[in-house]
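Below is one structure; the comments refer to it alone.
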Amino acid sequence: MIKLALVLLLAAPLHAKPRAPLPGADELILKMLTGPETSYVAVERVQVFAPGKKPKAMTVNIKAAPGGKIRRETAGRKKKPGPIELYVEDEPAGKRLARLRSLYELTVSTGGVVAKRKTWKLELRLKTSVVLRRALWVSRDEGLLMKRETYRDDGTLARRERLTKLELPAAVDAALFAGVAPKKPWTPSGVVLAGEKDGTRTYTNGLESYTVKDGRVSGDLAEDDAARAAGR
Amino acid sequence: MNENDERLAKAAMKSLIVPAPESLKADLKRMARAKKTEPSLWDALREALSGDAWAYGAGAAFAAAAVAVVIVRAVPERTKPVETVAVAATTQAELADLWADDDGGDHD
């Protein structure tokens, strides 16, 4: 009887569904930075968590085409249309990976389900202090960035961007990308130049801001975004 | 010449003399006053240059104003930051309006 129970216990894992092997961090990031091979339409929710204040959020409708073409339409409020960002990601994926590698230690684990897609979770910890700075959830099949969280030095959540709806593949009118060009200078999504004074340029999204002067960046930016904003 | 002839000659001489007008003194005073109220150009210039304390004060104020105008016009970029700050404030306010209060939840 005992022998039979042992046989059943040992045999059970053999019938279980095998777990997908974890991909390498570099492989996963390169797939994410290259982007899907088809057009897609998504709705993104961006949340900002300022210390001691109520969380704020906005909704962005995204349309994307192969080749890094992206159109982000921010949902307006008070019957006003929101701003539209139209740009193409022109920086080679290898360069972006090298920037992340120079700043962070990267680890991969299984992520949850985001917008009905299974994900891998990428954790980016600062090499200098082992602080968790970013966490990325990447869809397993398409390599699309589904969710991103950015943390402060004390570990508190500063920002979350999450796709809440995703249609992939989707038919997207090519005319929506007429005149698309890279961002010069580069800024994170939703951030615009607010003004320049005494050689200091100020960029803002209405809640967060950063400044650039003589290639030095200071403000509400994670290290990899700061390096990119500075042109490195 | 007898005594009568001499008297006649004196009477003739008196009749030849034109009598002076009665208001001659007043006329002379009026003419002198009129001449005095029309100073020459030179006198006017000299008087302007040798002004009193009021004139010096007004002159100094005018000079200071002129120097201030010259300095402001010579530094036109001083007005630029004011304009930039105004634009920045507008952008900040418009972008801030796009954000709404949120429950902070992590869900689709």
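The values are calculated or read from the model by the stated rules, or taken from the named source; none is laboratory data. Just so we're clear, the structure is a prediction, and the values are computed from it rather than from any experiment. Neighbour counts are summed over all protein chains in view; Cβ atoms, including those assigned to glycine, are modelled from backbone coordinates with ideal geometry. These accessible areas exclude ligands, DNA and RNA; they are computed on the full protein's heavy atoms, side chains included. Shrake-Rupley method; radii C 1.70, N 1.55, O 1.52, S 1.80 Å.
In chain A, the longest principal axis of the Cα atoms and the axis of helix A:93-103 are about 80 degrees apart.
What per residue convex hull volume, in Å³, comes out for the range A:18-170 when only alpha-carbon positions are used? Before the final figure, lay out each step's value.
Working: hull volume 19.6 nm³, N = 153.
Expressed per residue, the convex hull around the Cα atoms of the range A:18-170 is 128 Å³.
Quote the charge dipole size of the range A:18-170 about the Cα centre in Debye, to the nearest 20; the model charges only the Cβ of Lys and Arg (+1) and of Asp and Glu (-1).
820
Check which residues have an amide H placed less than 5 Å from A:Arg133's amide H, if you skip close sequence neighbours. Correct list: A:Leu124, A:Arg125, A:Leu126. Just so you know, the Rg over Rh for the protein assembly as shown is 1.66, from Cα atoms, with Rh as the Kirkwood radius. Its relative contact order, with pairs defined as Cα atoms under 8 Å and 6+ residues apart, puts chain A at 18 percent.
If you roll a 1.4 angstrom probe over the protein chains with everything in place, what fraction of the accessible area of the range A:104-216 belongs to carbon and sulfur, to the nearest %? Taking all protein chains in place, the range A:104-216 shows 50 percent carbon and sulfur surface. Could you tell me which GluC sites (Glu not before Pro) in the range A:34-80 are loop residues by DSSP with no more than 14 other beta carbons within 10 angstrom of their beta carbon? Here the GluC sites (Glu not before Pro) that fit, given the DSSP loop and packing criteria, are A:Glu37.
Rolling a 1.4 Å probe over the heavy atoms of the protein chains gives the range A:18-170 an accessible area of 51 Å² per residue. Using the Karplus relation 6.51 cos²θ - 1.76 cosθ + 1.60 with θ = phi - 60°, the per-residue 3J(HN,Hα) values for the range A:70-76 come to 9, 10, 10, 10, 6, 5, x Hz, with x marking Gly and Pro.
Across peptide A:192-204, the mean count of Cβ atoms from other chains lying within 10 Å of each residue's own Cβ comes to 4. Legend: residues in the range A:75-103 shielded by at least 20 square angstrom of accessible surface upon adding the remaining protein chains to the isolated chain (1.4 Å probe, heavy atoms) are A:Arg77, A:Lys78, A:Pro83.
For A:Ala194, the residues whose modelled amide H falls within less than 5 Å of its own, excluding neighbours fewer than 5 places apart on the same chain, are A:Thr202, A:Tyr203, A:Thr204. Couplings 3J(HN,Hα) for the range B:93-106, derived from phi with the Karplus relation 6.51 cos²θ - 1.76 cosθ + 1.60 (θ = phi - 60°), are 5, 5, 5, 4, 5, 6, 8, 10, 4, 9, 7, x, x, 10 Hz, where x marks Gly and Pro. Projecting the Cα atoms of A:Val48, A:Trp137, B:Leu8 onto the dipole axis of the protein assembly as shown, where Lys and Arg carry +1 and Asp and Glu carry -1 at the beta carbon, places A:Trp137 farthest toward the positive end. For the protein assembly as shown, the dipole from Cβ point charges (+1 on Lys and Arg, -1 on Asp and Glu) about the Cα centre works out to 880 debye, to the nearest 20.
For A:Gly76, nonlocal amide neighbours, meaning residues 5 or more places apart or on other chains whose placed amide H falls under 5 Å from its own, are A:Gly82. Accessible surface buried by the A/B pair amounts to about 2400 Å², both sides summed, 1.4 Å probe.
Each of A:Lys183 and A:Thr128 was given a label point 7 Å from its Cα along the Cα-to-Cβ line. The distance between the two points is 2.3 nm.
Can you check what the net charge comes to around A:Arg72, using other residues whose Cβ is under 15 Å from the Cβ of A:Arg72 (Lys, Arg +1; Asp, Glu -1)? Walk me through the numbers on the way to the answer.
On the way: positive: A:Arg45, A:Lys63, A:Lys69, A:Arg71, A:Arg148, A:Arg162, A:Lys165, A:Lys183; negative: A:Glu44, A:Glu73, A:Glu85, A:Glu89, A:Glu161.
Spelling it out: positives minus negatives among the neighbours equals +3.
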